[in-house]
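The next block holds one structure in the form of C-alpha cells; read it before the comments.
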C-alpha cells in the first residue's frame, strides 16, 4: 500500500507524489482515492486506491533496478522492425507506446536504447525524436530520485552510454 507524500510512478506519465488520500461518493458508494501530483508537469489525477495495480502504479525502483537499466543500455539494440523506413514507424510507435504504458522501467530503457541506435542509422523523424525525449525524461526522473542526483546529471548518465560513433550500440541485424 502507498502512503501520503510517497513518490510513485504512474505508467506513461512519470513520477508523482501522493499529495493526499481523499474520499468521494461515487454512485452512492464512498471510494478512497490517491491524489497524484506529477513532479514534471502541471497535472493532478485521482487514482482509486483499489485500482493501483490495474493502472500500474508502482513505487520507485531500487538502486539495483537502476543498475539494470544501464546494463540494458549497453546491450545491442533490437529495434522492433529491421526496416527503419517511415512506413514502419506506425508499427514501431504502436508497440513502443504499449511498452511505455506497461510502466516497466526495463521496457522503457529498451525503447530508449533502440531509438538511440536508430538515431545513428538515420535522422529521427519528429515522432521518433519526441518518443526519445519522452523515454529519456521518464528514465531520468526515476534515476535522479533513486540515486539522489540532479535530473540533468541523470540525463548525462543516460547519454554517456552511447558513443558518438555508435560503437556502443552495434547490433547483430
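The values are calculated or read from the model by the stated rules, or taken from the named source; none is laboratory data. Keep in mind it's a predicted model, so treat the numbers as computed, not measured. FYI the Cβ positions are ideal-geometry reconstructions off the backbone, even for glycines, and counts take in every protein chain you see.
What to note about this one:
- Restricting segment 140-152 to residues that are out of contact with any helix residue (DSSP H, G or I) (no Cβ under 6 Å at 6 or more places or on another chain) and assigned to a helix (DSSP H, G or I), the residue that is surrounded by the fewest Cβ atoms within 10 Å (Cβ to Cβ): 152
- For segment 123-133, a residue qualifies if it is surrounded by 20 or more Cβ atoms within 10 Å (Cβ to Cβ) and under 17 Å from residue 40 (Cα atoms), and exactly one does: 131.
- Of all residues in segment 9-57, those satisfying the criterion of being closer than 23 Å to residue 151 by Cβ and in contact (Cβ under 8 Å) with a residue 40 or more places away in the chain are 9, 10, 11, 12, 14, 15, 39, 40, 56, 57.
- Extreme residue, surrounded by the fewest Cβ atoms within 10 Å (Cβ to Cβ), among residues of segment 158-167 that are modelled with pLDDT under 95 and touching a helix residue (DSSP H, G or I) at 6+ places or on another chain (Cβ under 7 Å): 166
- Residue 98 vs. criteria closer than 17 Å to residue 11 by Cα, assigned to a helix (DSSP H, G or I) and modelled with pLDDT of 90 or more: yes
- Subset tally (residues that are touching a helix residue (DSSP H, G or I) at 6+ places or on another chain (Cβ under 7 Å), touching a residue at least 24 places away in the same chain (Cβ under 8 Å) and crowded, with 19+ Cβ neighbours inside 10 Å) for segment 104-117: 9
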